[in-house]
1. Could you list, in sequence order, all residues of region B:240-257 that are more than 19 Å from B:GLY181 (Cβ to Cβ) and either of a type in the set (A, V, I, L, M) or not in a loop (DSSP other than H, G, I, E, B) (or both)?
2. Name, by its number, the condition in (1) away from chain A (no Cβ under 11 Å); (2) more than 30 Å from A:ILE33 (Cβ to Cβ); (3) surrounded by fewer than 23 Cβ atoms within 10 Å (Cβ to Cβ); (4) not aromatic (Phe, Trp, Tyr) that does not hold for B:GLY404.
3. What are the residues in region B:467-490 that are in a loop (DSSP other than H, G, I, E, B) and more than 8 Å from chain A (Cβ to nearest Cβ), if any?
4. Can you tell me how many residues within region B:492-516 are under 15 Å from B:THR423 (Cα atoms), under 32 Å from the mean Cα position of the chain (by Cα) and within 8 Å of chain A (Cβ to nearest Cβ)?
5. Is it the case that region A:186-195 has a residue that's more than 7 Å from every other protein chain (Cβ to nearest Cβ) and more than 26 Å from A:GLU24 (Cβ to Cβ)?
6. Which residues, counting only those in region B:313-358, are in contact with a His (Cβ under 7 Å, 6 or more places away or on another chain), within 9 Å of another protein chain (Cβ to nearest Cβ) and farther than 30 Å from A:ARG64 by Cα?
7. So which residues in region C:310-338 are within 28 Å of the chain's Cα centre (by Cα) and within 13 Å of C:SER422 (Cβ to Cβ), if there are any at all?
8. Pick from region C:129-181 the residues that are part of a loop (DSSP other than H, G, I, E, B) and acidic (Asp, Glu): which of them is nearest to C:ALA61 (Cα to Cα)?
Amino acid sequence: MFWPLAALYLCWIAPERGWWFPSEAMSPLGQRIDDLFYMILIVTTVVFIGTQIALGYVLWTGARRTDPGNEETTWFSHGSHNLEVMWTIVPAGILLYIALYQIDVWREFRMRPYFPQEQMTASLTRMGVDTDVPGDRALAEVTARQFEWRIRYPGFDEDGNLLPLMTDPQPTDLYTVNDLHLPAGVPVMINLLSGDVQHSFFLPELRVKQDAVPGLVIPVWFQAEKSQTYDLLCAELCGWGHYKMKAQFVAEPEQEWLQWLRELHELQNEDGVEETDE
Amino acid sequence: MSTISPTVDTHAGHGDDHGHHHDPGFVRKYLFSTDHKVIGIQFLITTLLMLMVGGALALGVRWQLAFPWESMPFFGPLFASQGGQISPEFYTMLFTMHATVMIFLVIIPILAGAFGNFLIPLMIGADDMAFPTLNMLSYWFMWPAILFFGLSFLFGGGPAAGWTSYPVLAALAEAAPGSGGAQTCWLIAVTFIGVSSMMGSVNYMTTIINMRAPGMTLFRMPLTIWSMFITAILQAFALPVLTAAGFMLVFDRLPWSVHSTFFVPSGLVVNNAEPTVGGGQPLLWQHLFWFYSHPAVYIMLLPAMGMVSDMLACMSRKPIFGYKPMVYSMAAIAGLGFIVWGHHMFTSGMNPALGMTFMISTIMIALPSAVKVFNWIGTIWGGRPQFNAVFLNCVAFVSLFIVGGLSGIFMAAVPVDIYIHDTYFIVAHFHYVLFGATLFGVFGAIQFWFPKMFGRTMSDTIGKWHFVLTFIGFNGTFFPMHLLGVAGMPRRYADPYLHPYLEHLLPMNQLMTISAILMGFAQFLLLFNFLYSMRFGEKCSRNPWNANGLEWVAPSPPPHGNFESVPVVYRGPYEYSHPDHSDDYWLQTEPPGAQPGAKPQAAPA
Amino acid sequence: MSGKPLLIIVPLCLAVFMTGCGSSGIEFREREETAELIPPAQDYMEELLAEHFGSPTASVAWEKLPINYHAATATVDEAGESGSVTLANIGRTLPINEGQQILWFVDGSAHSGQVAGFDEDLNALTVSPPAGADQNWAPPAPGARLTIGPGETLQQGRLLYAEHCQHCHGVTGDGNGPTAEYLEPRPRDYRLGKFKFTSTSTVRKAQRDDLARIIEEGIPGTYMPSFKLLTEEESAAIVEYVRWLAMRGETELRRIEILTLDFRAADAETQEELDEMIQEFAEAKEDDFPNDFADETEQIADSWRVAQEESSVVLPKTPRTPSSPESIAKGREIYLSATAKCVTCHGESGKGDGPQTMQVAKDASGQNYPVPGLHDDWGRLIEPRNLTTGIYRGGRRPLDLYRRIHSGIKGTPMTGFGTSLSDEQIWDLVNYVMSIPFEDRAPGEGPFVPSESAPEATVAKSE
Ligand code: HEM
Ligand SMILES: [Cu+2]
Ligand SMILES: [Cu+2]
C-alpha cells in the first residue's frame, strides 16, 4: 500500500519535469481557472492523503490484530449514526462551496451578456472600425475543417478603413490557414464554425476550449496577455487527421495587427506585376 | 499477519452428487441452458475472452503513443499496411474498438451478466431467475453484437468515431474510413447489447422483488443484491434512450428515402461529397447518448461496489459499516446519475446556463461516493482482515476509487473542465473508476465466488501475484495520465509529438506503455489460474470463506435448482464476529438459538 | 509457485521489444506494368532503380539529378590558418552545424573532414580532420568543391515525409498510402512528375516554391491539409524528397514505357518467341540501354532544371484590371465564348456541370474510359471546379487565378489559355470568376445581426 506515496511523489516532482501545465495561464481568465484548479488540488490532496492514511491505518491495526497470539477481539459494530452524519455534512459543505465559488468564472467566459463587450467595442473603435453597425464584435471567423483551421478576416474598404466582420463572406475578406492573428492585451472575439464534422478550438496556454459544432456559429472570446505565439489545436475527435490540426495563434499589439492585416491584404490582392515593373 | 486460505472440504465431491435429477444433455446443459448459474458462467468466460481482445487493442494504442509510426510487433502485419506501421485511421479504429469492447462486451456484461446472473438467485434464496428463458436469450443476444462488432472490421478498417460516436463524424459515411458500413454495424451491435441488457434488467428486477426467500426482507439483502437491483432500474430507464438514439442515427445514415437528418445540419461538405441538406442538430445526439451513458458509468460501477462491500465485510470478519447509508448512497448515486449527463458537454456549445446546473449536480454526486468510501474504511476498521487475494483486490478498489472520485471533482468544476476536457486527464479519471475500481472489484469477486461456481478454489498465490503485477502496472500506466492531461495532451491523438509543447512527454508515455505491457501479461496469470483451477483447483466445501450469505448454504457448485430446500432467513448478511455467537460468522439461515458454532448446513429438509 | 510467474513474464516482455526494433519492412513499390515484362526485364528494372535510388531507408544520392541532397554545398574561396576557409557559392538547404561531415575531391580522390565551426556572417568555415585521420590530412584548398552534410537533406526529408505525408502519398509517392483509399480526390501520385498547381508555364514542371507553397497552404477543398508550422528548412527538405520521388517515378516510367513496347511477356505467343525476346533483351541491354537511359535521365534532369529558371515563371505583363461591373461582364462574355469555351466544362452558372462532363473521354492509348466524364492524366475521373463555392485549390490570389487560366492545371483537361487570350482578357475572366460566388449578393451586403433575445452563445448559420 505504498502507492499513494509514489503517486504524491510523482505529483510533487511533476512540475519541475515539465509534466505540468504547458505554461502559466496567459490570460486573466486562464489565471482564475488555474487558481480554481489549485484550490481543488489542495482540497483533493488533503482528502487523498487523509483517506489513504485512514485506509492504511485500519489495515495496519487490522493486521496487528490477526497476528498469532493477539487476543484483541474484533470490534463488532454496525456503524455509527453520528459519524455518518458528520461525514455527509462536512464534504457536502466543501463541495457546495467549490461549486458556488466558480460560477462567475464560467458566466464571464461563456454567457454572452457577461462578455466584456465594452472593451471589445473600444478596441474596435481604436482601430477605426465603424462600431455603429449593429452586430457582434468578432474579429475573425475560424472555420474548422478536416484537418485544418481556415480563418477569415474582415478586409479594408477603398479608403483603407478596416471593415467589420460580416456573417457571410465578402469580396473584401482576407483569408489565412492555420494562422490566427489577433490583438494582444484586449479581449478579442472570434466566431467559431465547422465546415464538416465536430472539432474543438483549443488554446492550451490560454485555457480556452470550445467545440466547433456543425451548423452553429459560436462566439468565443479570450484575452492574450503577452504578444507572442501560442499553440492552437483540435481537441475533439474529427477523423483520422485529428492530431494534424496544428496551428498557431499570434497575439500582437493592435496597431501591429492592423499592419499585418494590411500586408495580408496586399498579399491577397497580388497580381504579380509589381516585380516586372511594367 | 496471517492468512486464511479457503477451508478444504474433506468430504470432497459430495456436493456434486446432489440435484442431478435428470441429465439434460450437453446442448441444453451448457449451451442453451436456462440455469442462471450456467448463463452466469457463460457470461463470465465470454467477457474474460473479450477482456483479452480489448486489452490487445489497447496495447496497439499504447504502442503508437510510445513508439509513434514504428512497426508494431505481432499485430502490425495483420492489420496495417506499410510494414506494420499503424496508420492514423487504424489508430482511430484501435481506440474506438478498445473502448467499445471494454464497455459493452466486458464491464457491463461481466457485472450484470456474469455476477448478476450467478449471484442474484443464490443470494436471495431463489431456485432460479423469474424468467429463465429470457435470461438465456439475454446471453445469446450478446453474440449477434459480437458478430456485428467483428463484421464492422471488414468495412474500411472498422468504426472509428470513438465509443461516443458523435455525429456528424459518425453520421456521414464520407466523413471517415470507418464511418461507412462499419459504423452501421457498430450501431446495430450496440442495439443488440442494449436488448440483451434490457432482458437482464427486467429479469433482475422481477426476481429480486418477487422471489426472495422467506425472511429475506429488503433490508436483509446483501449490498450486492441492492446494487444489482439499482443497476437494473438504471438500465431500464436509461437504455431506451440510447436505443432510440441509435435508431435515429441509423436512419440518418440510410441512403434511401428514409435518410432522416436528426443529427445533420445543412451545408456541410465532407470529402468533396455533395453538401448536406438537413436541419438536424449534432448536439441532440450528445444529449441522448450521455443521458444513457452517464447512468451507464454507474451501471459499470454499482454492482462492483455492492460485491466489494460483501467481500470486505467477510474478509474483515466484521459487519459492514453503515448498511443503510450504503443503500441510500447507492440510491442517491443512481438518482443523481440521471441529472448530470451534461457534464460531458461543458465545451460542446450547449446553453451555458445549463452548464451551471450540471456542475452543481455533478459535484453533489461526489457526496454519496464519499460516504461509501468512508463506510468501507469503517468496515475494515477494527476488523481482523485476511490478507488474501480477494481482500487485496477489494482494498485496491477502495484506494483507487478514491482517486477516480477526486479527479471527478476537477472535471465537474466547469471552468477547470474547459481546460482538461478531452485531454488525458479524462482518460486517467475513467480508467481509475472503471479499471481501478470496477475491474479490481471483479478480480476479487472472481476469486471469491469461484469456489461456488466450480466447487474448487483458485490459487491464492497466483491470485496475489496477479494482483501485485496488475496493481503496479495499472498505476504505472494510468497515474501519469493525470499529468499528461494537465500538460495539455489531448486524447485520441495518433501523434501528439507533432506539437512541440508535447514533445517532452514521450519518455513518460514510453514508461506507461511498458507498464501497460506488464499489466497485459499479468492477465495471463488470471486466465491460467482460472482455467487451471477449474480442473485442478483444490476441492472445497460449501462455505470455504466462512461467509454468511445464502449462497454459501447451497452445495458447491449448486445443482440445478440451487438449494436442497427453501432456505429461511433469520438475520442480515453481515453478522460477523457477533459477540453472542461463538463462531465469527453467523449464517443468515441459522435459526436463532441453535447450537452455537453449529456447522454450516442447509436449512432443515 | 510464487517465483514462476516472473520468469514467464520477463522473457515475453523482452520479445515484444525485440520484434519491434527488427526489420521495418518499408520498401518502394514497383509500377504495376513491371509485372507484365519478361523476367529478365523485371530484374533489370529492379537493379536499375536500386542502383540509382536505393531503398527508402538507404537511399542513393544520384548526382545526375538536380536535387539538393546535402545540407549545403560550397566552393572554397580562400584558405586561412588551421583549417579555416572562407566559402563562396553557398547553396544551403539545412543549417551548417558543428560535427557535420564535409566531402571534397582532389584530383579525383575523395577527402573528408568535419565542420568544427561556421560563422554565418563571414562565411568562414573551420574544417577539422575526421576521426582517425592520418598526418597527411590537409584542409581543402581554394577552388575545392565542398559537400557539407552529405545526404542530410534527403534523409531529413524522408523522416519528415514518413511522419507527415507517407500514410496518404505512400512510401513510393504513388499516392497509395493506407489512408489514400478513402480520400476524394485521391492524393497526388508523384510518379508522373506532374504537379497540378504551379507558377510555371504550361509545358514546364513545378518549381520548388510551388511545392513549398502547397505544403504550407494545403489544397483547400481536399484532404491535403496545410502544414503551416513546418520551418522553412523542414519544408525545403520535404520538397527535395518529393522531387526525388517524382524523378524516381519518372525514371521508372520512362524506362518501362520503352520496355513494354518490346518486352512484354504477353506479346510472345510461343515459347520460341519468348526465348527470342529474352535473347533480344540481353543484347539490347548491352548495346542500347546504357545510352538510352543516359538520354532519358538527361531529359528528366533538364526538365526539372529548366522549371527552376526564372523564365519559367508566369507573370502577367499588365496589372489587374480593377473589378468593375463592366470588366465582369466582359469576363462573362469570354467565359461563354468559343475561344475560351470555359462554359463547356464549368457550365452556364459555374457549377462545374458543363456538357463535357457528360461525354465519354479517351485515355492516353485512345481507348474510351468506362465512365463518361473528364479524366486526368492519372486516369481518374475529375470534375471541373464548381466556381460558385469560392474555394480555389491552387490559391485565391488574383495572380493564382491568372496562372490557372494562363497555364492551366497540369495533367488535367483544364488547359492553358495564355496563347489564345490577352492579359486583359484573362484579367476580365479573373474578375468574373471571383464575382461568381457573390452573384446573388451586392458587395458588403448582409451584416451580422445577433438576435438580442438569445442568451446562449449560439446562432444558427444561414446558408
Ligand atoms: C465523484 C464522482 C464523479 C464525478 C464528479 C465525475 C465527473 C465526471 C465528469 C465531469 C466527466 C466529463 C469530463 C469531460 O469529458 O470533460 C466525467 C467523465 C467520465 N466519467 Fe466520471 N465522475 C465521477 C465518477 C465516475 C464514476 C464512478 C465512473 C464510472 C464508474 C465514471 C466514469 C466516467 C467516464 C467513463 C467518463 C468519460 C467518458 C468519455 O468521455 O469517454 N465517473 N466524469
Ligand atoms: Cu480534431
Ligand atoms: Cu458522466
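The values are calculated or read from the model by the stated rules, or taken from the named source; none is laboratory data. On a predicted model such as this, the values are computed, not experimentally measured, just so you know. So basically every Cβ, Gly included, is an ideal-geometry build from the backbone, and we count neighbours across all protein chains shown.
1. Scanning region B:240-257 gives B:PRO240, B:VAL241, B:LEU242, B:THR243, B:ALA244, B:ALA245.
2. Evaluating B:GLY404 over (1) away from chain A (no Cβ under 11 Å); (2) more than 30 Å from A:ILE33 (Cβ to Cβ); (3) surrounded by fewer than 23 Cβ atoms within 10 Å (Cβ to Cβ); (4) not aromatic (Phe, Trp, Tyr) leaves (2) as the failure.
3. From region B:467-490, those in a loop (DSSP other than H, G, I, E, B) are B:487-489; that's our starting set.
Of everything in region B:467-490, just one residue is in a loop (DSSP other than H, G, I, E, B) and more than 8 Å from chain A (Cβ to nearest Cβ), namely B:MET489.
4. Applying the first criterion (under 15 Å from B:THR423 (Cα atoms)) to region B:492-516 yields B:492-497, B:499, B:501-502, B:505, B:509.
Adding the requirement that they be under 32 Å from the mean Cα position of the chain (by Cα) leaves B:492-496, B:505, B:509.
Keeping just the survivors that are within 8 Å of chain A (Cβ to nearest Cβ) gives B:492-496, B:505.
Within region B:492-516, residues that are under 15 Å from B:THR423 (Cα atoms), under 32 Å from the mean Cα position of the chain (by Cα) and within 8 Å of chain A (Cβ to nearest Cβ) number 6.
5. So the first thing to find is which residues in region A:186-195 are more than 7 Å from every other protein chain (Cβ to nearest Cβ), and the list is A:186-192, A:194.
Adding the requirement that they be more than 26 Å from A:GLU24 (Cβ to Cβ) leaves A:191, A:194.
Yes; the residues of region A:186-195 include at least one that is more than 7 Å from every other protein chain (Cβ to nearest Cβ) and more than 26 Å from A:GLU24 (Cβ to Cβ).
6. Once the filter is applied, which keeps residues that are in contact with a His (Cβ under 7 Å, 6 or more places away or on another chain), within 9 Å of another protein chain (Cβ to nearest Cβ) and farther than 30 Å from A:ARG64 by Cα, region B:313-358 yields B:PHE346, B:THR347.
7. Going through region C:310-338, the residues within 28 Å of the chain's Cα centre (by Cα) turn out to be C:310-316.
Scanning region C:310-338 gives a single hit, C:PRO316.
8. Narrowing region C:129-181 to residues part of a loop (DSSP other than H, G, I, E, B): C:129-144, C:149-151, C:165, C:170-179.
Of the ones still in play, those that are also acidic (Asp, Glu) are C:134, C:174.
Details: C:ASP134: 28, C:ASP174: 20 Å.
My answer is C:ASP174.
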